[in-house]
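Colleague: Supplied in structure tokens, the structure appears directly below.
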Amino acid sequence: MIELPEKILLRMYYKMNQARFFEEKVDDLFTKGLVHGTTHLSIGQEATGVASCMALEKGDLVSLTHRGHSQAIGFGLDVNLMMAEILGKANGYCKGKGGSMHIADVRNGNLGANGVVGGGFNLSCGAALTQKYKKTGKVVLCFAGDGATNEGSFHESLNLASIWKLPIVFLIENNLYGMSTPVAKHMNIENISDRSASYDMPGLTIDGNDPLEVYNILLKALRYARAGRGPVLIEAKTYRYSGHSKSDAQDYRTREEVEEWQKRDPILKMKNYLKDNKVFTDKQILTMEEEAKDSIENALEFAMESPEPEITAVLDDVYA
Amino acid sequence: MNNNEIQNMTYREAIRLGMIEEMQRDDNVIFMGEDIGVYGGAFGLSQGMLEEFGEERILDTPISEAAIVGTAVGAATTGLRPICEIMFMDFVTFAMDALVNQGAKMRYMFGGQTQVPMVLRLPAGSGTGAAAQHSQSLEAWLCHVPGLKVVTPSTPAQAKGLIKAAIRDNNPVCFIEHKLLYSTEGEVPLDEDFIVEIEKTMTERPGKDVTIVTYGTLLPKAMEAAAFLAEEGIEVEILNPITLYPMDMKPIVDSVIKTGRVIVAHEAAKTGGLGGEIVARIAESEAFDYLNAPMIRLAGLDVPIPYNKELEAAVIPQKSDFIRAVYRLLDHE
Ligand SMILES: Cc1ncc(C[n+]2csc(CCOP(=O)(O)OP(=O)(O)O)c2C)c(N)n1
Ligand SMILES: [Mg+2]
């Protein structure tokens, strides 16, 4: 395993914990009926969401999915403003107009979480075209789920990105299901990365529950795309512990399967790595966890105290 | 089988029952959609149908809306009668080529050689906190395409009768169901031949002072407003064009001739919405001469649906908007 600087390991571990606590809090708010609408939790997928973003350079861009909280936190969004958005507050990232499914920070390169499955592929091509055209040297990291790769837009985007050599890394979070449908029922290949062959681009399948593997592979892929060699497709196998959304009886999978994956928890894996390699002491690890937890308690407090939008704001921002 | 029984059930259950009866009646009816099998559909419309009809007829699809609808068009022209569920109406955008350029035109373009008997079920509307990409009411787009029929029931009985009529129809029928209506209850005939024919406008409440034309989830709001106004001695007549295209205008025109005042209301955005079409048809009809006041359109604001609950409600006409509009019409000299 490649040695990483302590600073990166610390940030990675802290943010993965933040993501976990954030979503546990969001889950709690929805369960108590304090938030209206629905949410898609990525608990269990913190390595693909967070560790991948740690490999980005300043100025790189991301396109997120409906299951995008970990991705957003990994990219560096402020949990206060995220929580305010989920509570529909005026100072949330989208002024309370987007909610959990649409957290965006476009000015800083987060092109937004997308409620449309597969909606991010083409947008990422466009964002990457801008980088290429303006010679910024920046790369777009496009997140998507396994199910999303069955939309036409996935195939059209991979082809376009390939022939135009666009600087994109497509990161497929294969959590083994698209809603209730297991991958084996929605495609006839075992590895989604095989799809890269049709478009003549590198394709890799990796362990999405191993944060350091995710980080290292992303570093390489981003370097490849940044060098102007074209897009890369990465499939990271992972698992979501929660239901698809707020309302999901989960009849399509067994409790044992969930428990099996929980044994391979990405945060636990990272913690063991940090301990075994004596990167941090137990006390330091505990402190990081506590700080992450506190940051989420503070975020909730911040969000609760934040103002509701003025009703007249309903008409704002339709046009530029 | 003739069955005179009536049963209380939800709108959701009524659509499901209608589909089940038609699938039992005709082996050529198949059902395609995302997560309609084991999951039973995102809104539970197909609970238990996989067990009853098996994987050959209840077809779980990949997340590929263009393929779902394109496949349905191809299957429909060659002898099957597919029902498709698009998980949210918003994603009909993915399927528009199959629907608009293929399904809707094939019969006409080929000089009547073929027919496209299929049903596209589209859960629509706001009020669920699901924000801009999961809350739209896009019925006007569909009505603008000759070759498509568009229906939208408001009550469980209408839902059962219309889904059956839609499945039996030999044309592509877009069946728009409102998510907020799924859990509403009402009496539904169990008779397997109970059909609500397409191209029929329902009179939901008789009245003589003001006509309200509305459909979908605004119907309950209009009914509440009418009940309130009745206590003030104002009799509102409510008409519900449950087939949006082709629309049965006669009851609407007759009502306006009687009342001389009309409000046309829908949740969809006002500009380019069906309200404009309905109002224009009234203006073109003999009812025009009977109007005592300018017609009023109540509609969604021309904005995407926002997430915040208060903002979301502010976009859509509410009971109080109906009441205010009725007073405005009555105050007009
Ligand atoms: C175009 C479109 N079709 C359907 C849906 C409804 N939907 C939301 S998430 C989802 C499953 C997505 O599966 P996957 O891409 O594997 O992502 P995951 O939810 O597993 O993270 C579906 C069908 C949608 N939002 N957009
Ligand atoms: Mg998935």
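The values are calculated or read from the model by the stated rules, or taken from the named source; none is laboratory data. Values in this document were obtained by computation on a predicted structure and should not be read as measured data. Here the Cβ is made from the backbone with ideal geometry for all residues, glycine too, and neighbour counts use every protein chain on show. Note: accessible area is taken over every heavy atom of the protein model, side chains too, but ligands, DNA and RNA are not part of it. Shrake-Rupley method; radii C 1.70, N 1.55, O 1.52, S 1.80 Å.
Colleague: State, in angstrom, two size descriptors of region A:17-75 derived from its alpha carbons: Rg to one decimal place and Dmax to the nearest whole number.
Modeller: Using the Cα atoms of region A:17-75, the pair Rg, Dmax is 12.4, 39 Å.
Colleague: With axes computed from alpha carbons, what is the tilt in degrees of helix B:218-231 against the longest principal axis of chain B, rounded to the nearest 10 within 0 to 90?
Modeller: 30
Colleague: Using only DSSP helix segments of four residues or longer, with each worth -39500 (n - 2.57), what per-residue ellipticity at 222 nm results for chain B after dividing by its residue count and rounding to 500?
Modeller: -9500 deg cm²/dmol
Colleague: Cut-off 17 Å, label point 7 angstrom out along Cα-to-Cβ of residue B:109: give me the residues of region B:42-83 whose amide nitrogen falls inside.
Modeller: B:66-67, B:69-78
Colleague: Now for a separate question. Could you tell me the center-to-center distance, by alpha carbons, between region B:161-215 and region A:212-236 in angstrom?
Modeller: 54
Colleague: Can you give me the convex hull volume of the Cα atoms of chain B, divided per residue and expressed in Å³?
Modeller: Spelled out: Cα convex hull of chain B, divided by residues, is 136 Å³.
Colleague: Taking Cα pairs under 8 Å and at least six residues apart, what relative contact order does region A:91-150 come out at, in percent?
Modeller: 24
Colleague: Here's a follow-up. Against the longest principal axis of chain B, how steep is helix B:274-284, in degrees 0 to 90 to the nearest 10, with axes from Cα atoms?
Modeller: Helix B:274-284 sits at roughly 60 degrees to that axis.
Colleague: Can you work out the Karplus-derived ³J(HN,Hα) for every residue in region A:297-312? Use 6.51 cos²θ - 1.76 cosθ + 1.60 with θ = phi - 60°, whole Hz, and x for glycine or proline.
Modeller: With coefficients 6.51, -1.76 and 1.60, one gets 4, 5, 4, 5, 4, 4, 5, 4, 7, 6, x, 6, x, 5, 5, 5 Hz.
Colleague: Sticking with this structure for a sec: Just for region B:6-189, what percent of DSSP beta bridges are antiparallel, to the closest 5?
Modeller: Among the beta bridges of region B:6-189, antiparallel pairing accounts for roughly 20 percent.
Colleague: While we're on this one: Ignoring the sites themselves, what is the longest stretch of chain A with no GluC sites (Glu not before Pro) in a DSSP loop and at most 15 other beta-carbon atoms within 10 Å?
Modeller: Counting only loop sites that pass the neighbour cut-off, the longest clear stretch is A:58-189.
Colleague: I've got another one for you. Which cross-chain or sequence-distant (5 or more) residues have an amide H under 5 Å from the amide H of residue B:260, H modelled 1.01 Å from N in plane?
Modeller: So residue B:260 has HN proximity to no qualifying residue.
Colleague: When Cβ neighbours within 10 Å are restricted to other protein chains, what is their mean count per residue of peptide B:126-136? List each step's numbers first, then the result.
Modeller: Values: counts 0, 1, 3, 8, 8, 11, 7, 8, 7, 2, 0.
Mean shielding by partner chains, rounded to a whole number: 5.
Colleague: Then there is this: In whole percent, what relative contact order does chain B give with Cα contacts below 8 Å and a gap of six or more residues?
Modeller: 17
Colleague: Taking region B:85-158, which chymotrypsin sites (Phe, Trp or Tyr not before Pro) meet the DSSP loop condition and have no more than 11 other C-beta atoms within 10 Å? Mind dumping the intermediate values first?
Modeller: Working: sites: B:88, B:91, B:94, B:108, B:110, B:141; in loops: B:88, B:110.
For chymotrypsin sites (Phe, Trp or Tyr not before Pro) across region B:85-158 that sit outside H, G, I, E and B with at most 11 neighbouring Cβ atoms in 10 Å, the list reads B:110.
Colleague: Something else: How large, in percent, is the carbon and sulfur part of the accessible surface of region A:75-141 at a probe radius of 1.4 Å?
Modeller: 55
Colleague: Would you please give the residues with an amide H less than 5 Å from that of residue B:268, counting only those at least 5 places away or on a separate chain, with H modeled from the backbone geometry?
Modeller: The answer is B:300.
Colleague: In addition: What aspartates and glutamates sit close enough to residue B:258 to cross-link, taking a C-alpha to C-alpha distance under 15 Å and skipping anything fewer than 8 places away on the same chain?
Modeller: Candidates past the 8-residue exclusion: B:209, B:235, B:237, B:286, B:289.
Colleague: Given a cut-off of 30 Å, name the pairs among A:58/A:271; A:15/A:89; A:58/A:89; A:95/B:149; A:293/B:309; A:25/A:134 whose C-alpha atoms lie farther apart than that in the structure shown.
Modeller: Where the Cα-Cα span goes over 30 Å, the pairs concerned are A:95/B:149; A:25/A:134.
Colleague: Over 32 Å between C-alpha atoms is what I'm after, so list which of A:32/A:263; A:97/B:208; B:179/B:270 land there.
Modeller: A:97/B:208
Colleague: Based on alpha-carbon positions alone, could you give the equivalent ellipsoid semi-axes of region B:6-189 from the gyration tensor, as √(5λ), descending, whole Å?
Modeller: 23, 19, 16
Colleague: Using modelled backbone amide H atoms (1.01 Å from N, in-plane), which distant-in-sequence or interchain residues come within less than 5 Å of residue B:245's amide H?
Modeller: B:150
Colleague: Using Cα pairs closer than 8 Å and at least 6 residues apart in sequence, work out the relative contact order for region B:6-189, in percent.
Modeller: Details: 388 pairs, mean separation 52.2, N = 184.
Relative contact order comes out at 28 percent.
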